[in-house]
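S.K.: One structure coming up, written as structure tokens, with questions to follow.
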Amino acid sequence: MAIYFSMGYICSDHANGTTAMNKRALSTLELDAWLEQACHEIDGQPVLARASATQQFRGDIEGTGQLEVLLTYHPDGSASSVGLERVVGRVGGRAGTFVLEHTGCVEDGVAKAQLAVVPGSGTHDLGGLRGRGWFVRPRGRAASLTLEYEFLEQ
């Protein structure tokens, strides 16, 4: 289980460090749909919101993701978020499904997130998948995603 205590690191830098994973996937995330609803407001401004999104993975990861995310908005217009995304597709030539955990922020219109494959979430040929990565999505554009991964023996 991963627990993230600081959103500041995510907002100031994205996982440029080294990792023990032996493969790297580079993909583009194209947002198909984003449906957001305020959960809690103060003075008419959303403080907490829930969103559902659908996006397409193109590149070394191919497939469709269904993302459920919770956001908190800050007075300066930035936001922090946590979410889970079920991905149906291919990674490293293997097909199946897996779940990505997102921990991110939005600052100056740029969305950034750290990602982690939820342990044990891989199905079919993606069983044993583990990994971590990040994405950056400038306002109105597709996101660039990097996932460092490996497959554990099952």
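Any read-out appearing in this document is the output of simple, stated calculations on the displayed coordinates, not a laboratory observation. Given the structure is predicted, the values throughout are model-derived calculations rather than measurements. Cβ sites come from the backbone with ideal geometry, for glycine too, and all protein chains shown count toward neighbours.
S.K.: Test of understanding: express the Cα radius of gyration of the chain as a ratio to 2.2 N^0.38 Å, with N the residue count. Kindly include the intermediate steps, with their values, before the conclusion.
M.R.: Values: Rg = 15.5 Å, N = 154, 2.2 N^0.38 = 14.9 Å.
My calculation over the Cα atoms of the chain gives 1.04.
S.K.: Work from the charge dipole of the range 14-154 (Cβ charges, +1 for Lys and Arg, -1 for Asp and Glu, about the Cα centre) and give the residue of 75, 140, 27 farthest towards its positive end.
M.R.: 27
S.K.: Say a site is exposed when it is one of the trypsin sites (Lys or Arg not before Pro), sits in a DSSP loop, and has at most 16 other Cβ atoms within 10 Å; what is then the longest site-free stretch of the chain?
M.R.: On the way: sites that count: 139, 141.
My reading of the result: 1-138 is the longest stretch.
S.K.: Within 10 Å, at most 16 other Cβ atoms, and a DSSP state outside H, G, I, E, B define an exposed site. Report the longest part of the chain free of exposed chymotrypsin sites (Phe, Trp or Tyr not before Pro).
M.R.: On the way: sites that count: 4, 5.
Result, exposed sites excluded: 6-154.
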